[in-house]
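The values are calculated or read from the model by the stated rules, or taken from the named source; none is laboratory data. What you are looking at is a predicted structure, and each value in this text was computed from that prediction instead of being measured. We place every Cβ from the backbone using ideal geometry, glycine too, and count neighbours over all the protein chains shown. Protein only, heavy atoms only, side chains kept; ligands, DNA and RNA dropped before computing areas. Shrake-Rupley method; radii C 1.70, N 1.55, O 1.52, S 1.80 Å.
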Amino acid sequence: MALIYIIEDDDNIREIEEFALMNGGHKVLGFSCAKDFYQQLESVLPDLCLVDLMLPDESGNEIVKKLRRRPDTKRLPVIMVTAKTTELDLVKGIEDGADDYIKKPFSVMELISRVKAILRRTQPEEVKELVLDELVLNNEKHEVTLQGTQISLTYKEYELLSLLLLNKGIVLARNTILDQVWGMDYEGESRTLDMHIKTLRHKLLDYGSRIRTVRNVGYVIE
């Protein structure tokens, strides 16, 4: 299951896209303008975006270009949805950074097929569940439980815990963690990692002490 954002100002088209993708087992959030999309982007990053070319506040091309300039969304898969069918328009969308395009009008089967193809290329095979004694990270439900009680984590805390659990018992270098969780082009302070480790330890209660600092190297969960 993927989290997909749809930016489309035509309510009827957006509803069709949402219905089709939800029936395909995906979680979907729809937006009628770029402003609302950007606001949600600061909370949770999706696995894929469907972006309409013509929007009331900003063009789809501009949205794609902005996504490609951000370190955290540089590799975010984007499918452009457009009523413009000239070769020049389609080429421009790809040059601006879109991974694929769908011409309006389109069939539901075409939409699902294109989305599946992009996700297959961009998503690694996901481990459904990561377990450390009574700490369980469930990727299908996108939730973490400790001794049966659900723990609320931010998107980055979740990704950080997932990476540590995938490499249980293995010391991960700070740069490796920053690359994997924040992106290879991350240019912020490395203290960001330390602060996320601190809040993650706090939320994991007694299990927080199982995230061990390896001086001058990085972190490991044991």
Percent carbon-and-sulfur accessible area, region 2-115, ignoring ligands, DNA and RNA, probe 1.4 Å:
52
Computed FRET efficiency, Cβ-Cβ of ASN139 and LYS103, R0 35 Å: what is it to the nearest 0.05?
0.55
With the 8 Å Cα cutoff and a minimum separation of six or more residues, the chain has a relative contact order in percent of 13
Residue by residue through region 148-157, which ³J(HN,Hα) values in whole Hz follow from phi under the Karplus form 6.51 cos²θ - 1.76 cosθ + 1.60 (θ = phi - 60°), with glycine and proline marked x?
x, 9, 6, 10, 8, 10, 6, 4, 5, 4
As a test of the formula, what do you get for the chain when each DSSP H run with n ≥ 4 contributes -39,500 (n - 2.57) and the sum is divided by the residue count, at 222 nm and rounded to the nearest 500 deg cm²/dmol?
-11500 deg cm²/dmol
Could you state the angle between the C-alpha long axis of helix 108-122 and the longest principal axis of the C-alpha atoms of the chain, as a value from 0 to 90 degrees rounded to the nearest 10?
40
